[in-house]
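Shown below is the structure under consideration.
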Amino acid sequence: MKGCVIALDEVAGRKAAALLVDGRLQDIRIDPPENDPSPEIGEIYRAKVARAMGGQGGVMVTLLDGQSGFLRGVKGLEQGASVIVQVMGYAEGNKAAPVTTRLLFKSRYAIVTPAAAGFNIARSIRDEEDRDHLLELAHEAMEGAPEDFGVIIRSASAEAADEDIVEDVSAMRALAEAVVADVTGTPELLVAAPTSHEVAWRDWTSPMPDEVVESPAAFADLGVEEAVDALLSPRVELGGGAWAMFEPTSALVAIDVNTGGDLSLAAGLKANLALVRDLPRQLRLRGLSGQITMDLAPMPKKDRRLFEDKLRSALRSDATDTVLAGWTPLGHFELQRKRDRAPLHEIWPS
């Protein structure tokens, strides 16, 4: 199977979407169970300030039905005050969901940003005439918006009709204006998180896929179920007899690289570079984030720079913010990855 394919299906009665490129799974999303009250990433709430967390530099806020959020880096919010916040990360365990007052109203063609003025065009759109034209459309759609509103025109706009872009931006602008004006009242969910099918349409259609398959058998027919079975195993084959173990714990994600029978430094370097090439995809599909510690196979110290360069290159096209923390005294390499989705092993039906 060649090309880019989006599969839309259901798993245990929940909507699910998968992105495949040349038959290989690249991304997967699944809706949470209907009875799961946990805040979802992207949701926007009218919240109430519960209490200050001085030692942590933020405040706890009450979202809805007893759920809590943690708002970092704010000042001047008194207990009981109303505030509009957006869930920006996965709430691990019983912890409060990380939230922010820097709202993003994201659609297929644009992101409207209240309290972040400015008009920006996706860097992937490089033609100056196209950029100028899209900027004109953005100004047209945002005319009359509050002065502190901004907009980011996304890469999918390069292939869209002018009227579709203006309509899309205008709709997001109207929603944003309504939400930021609705600050008075009890805690309430103001904007729901997108479903997995909506995420696929919003984020996976630039460039346009070669095919969209929507059927109750899409995952089985396209090999998605088989790929997920492999992802639920900690072992990842790296070729040449080498493998890696991905093992999430409550504190961190441990990745252990093994070379099998070949214990040479050259085999170690080869295995480590093989891991790097597939690391962003594995982390994305498995939904692994937070602190990630890699126990790499032994390799020459002189090749550490090569390893870091290849890792940076591999992560460059990944949408999730990942910080390279560097080498530890014991020779491990550490990453810090944003918690932008729930771990696959926690949400995939058993």
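The values are calculated or read from the model by the stated rules, or taken from the named source; none is laboratory data. The shown structure was predicted, so the numbers you read here are calculated from the model rather than taken from an experiment. Neighbour counts run over all protein chains shown; Cβ positions are idealised from the backbone, glycine included. Note: accessible area is taken over every heavy atom of the protein model, side chains too, but ligands, DNA and RNA are not part of it. Shrake-Rupley method; radii C 1.70, N 1.55, O 1.52, S 1.80 Å.
Give the span of the range 125-169's Cα atoms along each principal axis, as three whole-Å numbers ordered largest to smallest.
Each principal axis gives a Cα extent; for the range 125-169 these are 29, 19, 14 Å.
Next question, about the same structure. I need the fraction of alpha carbon pairs in the range 25-89 separated by more than 15 Å, rounded to a whole percent.
Looking at the range 25-89, the distances longer than 15 Å represent 55 percent of pairs.
State the answer as a single residue: which of H139, S170, S289 lies farthest towards the positive end of the charge dipole of the chain, with beta carbon charges of +1 for Lys and Arg and -1 for Asp and Glu, about the Cα centre.
Checking the options against the dipole of the chain, the answer is S289.
So, taking all protein chains as they sit and a 1.4 Å probe, how much accessible area belongs to K338, in Å² rounded to tens?
80
Right, here's the next one. In Å², what does the accessible area per residue of the chain work out to with a 1.4 Å probe?
Accessible surface, normalised per residue, equals 52 Å².
In the chain, with Lys and Arg counted as +1 and Asp and Glu as -1 at Cβ, which of these residues, L252, P329, S157, has the Cα nearest the positive end of the dipole, that is, farthest along it?
So the residue furthest toward the plus end is P329.
Looking at the P(r) of the range 130-273, how many percent of alpha-carbon pairs lie beyond 27 Å?
Here the tail beyond 27 Å accounts for 56 percent of pairs.
Only Lys, Arg, Asp and Glu count, each charged at its Cβ (+1, +1, -1, -1), so figure out the dipole size of the chain about its Cα centre, rounded to 20 debye.
Dipole size: approximately 1860 debye.
Moving to a separate point now. Going through the range 1-108, which GluC sites (Glu not before Pro) have at most 12 other Cβ atoms within 10 Å and a DSSP loop state?
Loop-located and lightly packed - E34, E78.
Which of N94, L19, I6 sits farthest toward the positive end of the charge dipole of the range 1-130, with +1 on the Cβ of Lys and Arg and -1 on the Cβ of Asp and Glu?
Sorting the options by dipole projection puts first N94.
Would you compute, from DSSP H runs of 4+ residues alone, the mean residue ellipticity of the chain at 222 nm, taking -39500 (n - 2.57) per run and dividing by the full residue count, rounded to the nearest 500?
So the calculated ellipticity at 222 nm is -8000 deg cm²/dmol.
Can you pull a Stokes-Einstein diffusion coefficient for the range 195-265 at 4 °C (1.567 mPa s), Rh from Kirkwood over Cα pairs, as a whole number of µm²/s?
The diffusion coefficient I find is 83 µm²/s.
In the range 297-350, what is the volume of the convex hull around the alpha carbon atoms, normalised per residue and reported in Å³?
Value for the range 297-350: 125 Å³ per residue.
Taking the Cα centre as origin and putting +1 on Lys and Arg beta-carbons and -1 on Asp and Glu beta-carbons, what dipole magnitude results for the range 248-350, to the nearest 20 debye?
300
Most mobile of A161, A96, A274 per a Gaussian network model of the chain (Cα springs, under 10 Å)?
Taking springs between Cα atoms under 10 Å, the residue moving most is A161.
With N set to the number of residues, divide the alpha-carbon radius of gyration of the range 219-350 by 2.2 N^0.38 Å and report two decimals.
So the Cα radius of gyration is 1.05 times the expected 2.2 N^0.38 Å.
Report the equivalent ellipsoid semi-axes for the range 109-203 in whole Å, largest first, defined as the square roots of five times the eigenvalues of the gyration tensor built from alpha carbon atoms.
Calculated on Cα positions only, the semi-axes equal 25, 17, 10 Å.
For the chain, which whole percent of the accessible surface, found with a 1.4 angstrom probe, sits on carbon and sulfur atoms?
So the carbon and sulfur contribution to the accessible surface is 49 percent.
If you don't mind, another one. Tell me, what is the percent relative contact order of the chain, built from C-alpha pairs under 8 Å that lie six or more residues apart?
Once normalised by length, the contact order is 17 percent.
Heads up, I need the accessible area for R202: 1.4 angstrom probe, whole protein in place, Å², nearest 10.
50
Tell me, rounded to the nearest percent, the portion of alpha carbon pairs in the range 50-132 spaced more than 23 Å apart.
When every Cα pair of the range 50-132 is considered, 38 percent fall beyond 23 Å.
A follow-up question, please. May I have the count of lysine pairs in the chain with C-alpha atoms under 27 Å apart, counting pairs 8 or more residues apart or located on different chains?
21
Still on this model: So for the chain, Kirkwood radius off the Cα pairs, Stokes-Einstein at 4 °C and 1.567 mPa s: how many µm² s⁻¹?
D, rounded to a whole number, is 58 µm²/s.
If the only charges are +1 at each Lys and Arg Cβ and -1 at each Asp and Glu Cβ, what is the size of the charge dipole of the range 1-95 around the Cα centre, to the nearest 20 debye?
420
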